[in-house]
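See below for the structure under consideration.
The values are calculated or read from the model by the stated rules, or taken from the named source; none is laboratory data. Computed from a predicted model, the values in this text were never measured in an experiment. Virtual Cβ from ideal backbone geometry, glycine too; neighbours counted across all protein chains shown. The accessibility values were calculated without ligands, DNA or RNA, using every heavy atom of the protein model including side chains. Shrake-Rupley method; radii C 1.70, N 1.55, O 1.52, S 1.80 Å.
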Amino acid sequence: MSPADARRYSIAVALSIPLFVLACAFSVGGLVKHEWPGDVPHYQTFGQRMMNGEIPYHDFYSEYPPGALPTFVLPAAISEDHYVGGFKWLMTIFGVVALLAAAAILTLLRASRIHLVVALGAIVVAPALLGHVFLNRYDPWPMALVSVALLLLLVRRARVAFALLAVAVTAKIYAVAALPVAAVRVARTERKPELIRALTIFLLTGSVIALPFAILAFGGLGFSFYVQSTRPLQLESLGASILLAADQLGLYEARFFGGKANSIDLHGTLPNVVGVLTSVLLVGAVLAVALLYRRGRESRATFVAAFAASITAYVAFFKVISPQYMTWLIPLVPLVAGTRGRLATAAFLLALLATQIEIYGFEPIHSVAGTHFLAGDPKPWAPWVLLARNLLLLSVFGLLLSQLRLLSSARVPAARAAQGAARESCSGRTAARSRWSSATARRG
């Protein structure tokens, strides 16, 4: 990093971090608020039981994967009496880590001043737009891991990056969507032997985290995985929002029920079919992004666009979209430059706000004690806000894909592509010249 780049990075960080913390403090359910604790009391129960020596999946059922457990234990270890506040501060710290990674990535991309301001500004206001789910869920933890992994992939530290991706996958499975484009990046910049080593580290890291629980509580861990992997069409997913809109128009009768993962799902044959179709769309979208990236020109900007598009595809098309899943995109979408990138960022910020609004619209739905049945109906406007949110997510994916196609296109001037490649491989060439010089001196 040149002195000028370091100065820009320092100024950007010095200005954005305090504003980000303020947004976390005064947003709904923020650091100084006590409403909407969300899942944190549930996490506290797990954290305290683990502090008492109980083993997850063995002594008690946990629907969360092993990589999530440290975020439950750490606040309990610090203070059981102030668990909620400690948890929120922990999530704020993870948010700051993601912000630091985003600022570093923008510096590596040689982002313009406008792009730097827009991108970091979007990340700063995101907690306020998304509301209570940002700090009252553990999703900032995998968000930070994925952001740092992206930074490491850009500076060609593939092994550590894949290790962090593995930790993220054990916390939230969505991080696996970035694996195809990450593999293409490493194969291009480091060649296949390094990719094999990175993938091996990915598998070993994931095994180290999951294997102890698999040995001690294979049935419990397996049941937890089964519950998560067989979840039906969740209320806030793209497919469900279309069915809810049809229900409002009298074309379909939506039936709600409580899922095993404490979610609100749609019951029936049609929702099951829609869930399968959207899952197929998800796999196709992630593979399409990787294929487009592989066929195009290699550059840091292209890789960032492909990385962000892959994660966006997961959120947009997956049959389960809880409100907190929007957290994953906060430090990624704003990184994409160009007119399409700015439009995607604007659409994403609107989607964050729509997410906070639609949550209130579905409040009247409540569970019937002792059953999986749900009573009550959403407010009449809620399905339409939800559908608008999901359409905004689709537009974000489309814009990112369009920007990726533009960056990958052969129409990009060769001189500009060569200049970008030269900057990216500068450190590698410098090392090669040093080795050549040493060899020449020995021969002399």
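A few points about this structure:
- Filter result for the condition that a residue is touching a Leu at 6+ places or on another chain (Cβ under 6 Å), over 23 Å from Gly67 (Cα atoms), surrounded by 14 or more Cβ atoms within 10 Å (Cβ to Cβ) and among the hydrophobic types (A, V, I, L, M, F, W, C), over Leu233, Leu270, Leu195: Leu233
This table checks each residue for (1) open to solvent by 10 Å² or more (accessible area, probe 1.4 Å); (2) closer than 20 Å to Leu195 by Cα; (3) free of Cβ contacts under 8 Å to residues at least 60 places away in the same chain.
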site: His115; (1), (2), (3): yes, no, no
site: Val118; (1), (2), (3): yes, no, no
site: Val125; (1), (2), (3): yes, no, no
site: Phe134; (1), (2), (3): no, no, no
site: Tyr138; (1), (2), (3): no, no, no
site: Leu145; (1), (2), (3): yes, yes, yes
site: Val148; (1), (2), (3): yes, yes, yes
site: Leu152; (1), (2), (3): yes, yes, yes
site: Arg159; (1), (2), (3): yes, yes, yes
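- Just one of the listed residues (Ala14, Ala23, Ala102, Ala4) is more than 16 Å from Gly131 (Cα to Cα) and either touching a residue at least 24 places away in the same chain (Cβ under 8 Å) or among the acidic types (Asp, Glu) (or both), and it is Ala102.
- Taking (1) open to solvent by 50 Å² or more (accessible area, probe 1.4 Å); (2) of a type outside the set (Gly, Ala, Ser); (3) more than 27 Å from Ala122 (Cβ to Cβ) in turn, Leu15 satisfies each apart from (3).
- Filter pass, Thr339 being open to solvent by less than 10 Å² (accessible area, probe 1.4 Å) and β-branched (Val, Ile, Thr): no
- Pairs meeting the criteria (first residue in the range 307-336 and within 14 Å of Ser147 (Cα to Cα), second residue open to solvent by 10 Å² or more (accessible area, probe 1.4 Å) and among the polar types (S, T, N, Q), beta carbons under 6 Å, at least 6 apart or on different chains) are Val336/Gln403.
- Residues of the range 35-55 satisfying the condition of being in contact with a helix residue (DSSP H, G or I) (Cβ under 6 Å, 6 or more places away or on another chain) and either loosely packed, with under 14 Cβ neighbours inside 10 Å or outside any loop (DSSP other than H, G, I, E, B) (or both): Val40, Tyr43, Gln44, Phe46, Gly47, Gln48, Met50, Met51
Results for (1) in contact with a strand residue (DSSP E or B) (Cβ under 7 Å, 6 or more places away or on another chain); (2) surrounded by 15 or more Cβ atoms within 10 Å (Cβ to Cβ); (3) among the polar types (S, T, N, Q); (4) in a helix (DSSP H, G or I), shown as yes or no for each residue.
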residue: Ala246; (1), (2), (3), (4): no, yes, no, yes
residue: Lys260; (1), (2), (3), (4): no, yes, no, no
residue: Asp265; (1), (2), (3), (4): yes, yes, no, no
residue: Val276; (1), (2), (3), (4): no, no, no, yes
residue: Leu287; (1), (2), (3), (4): no, no, no, yes
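- Answer from Thr345, Thr312 - the residue that is part of a helix (DSSP H, G or I), of a type outside the set (D, E, K, R), surrounded by 19 or more Cβ atoms within 10 Å (Cβ to Cβ) and touching a Pro at 6+ places or on another chain (Cβ under 9 Å): Thr345
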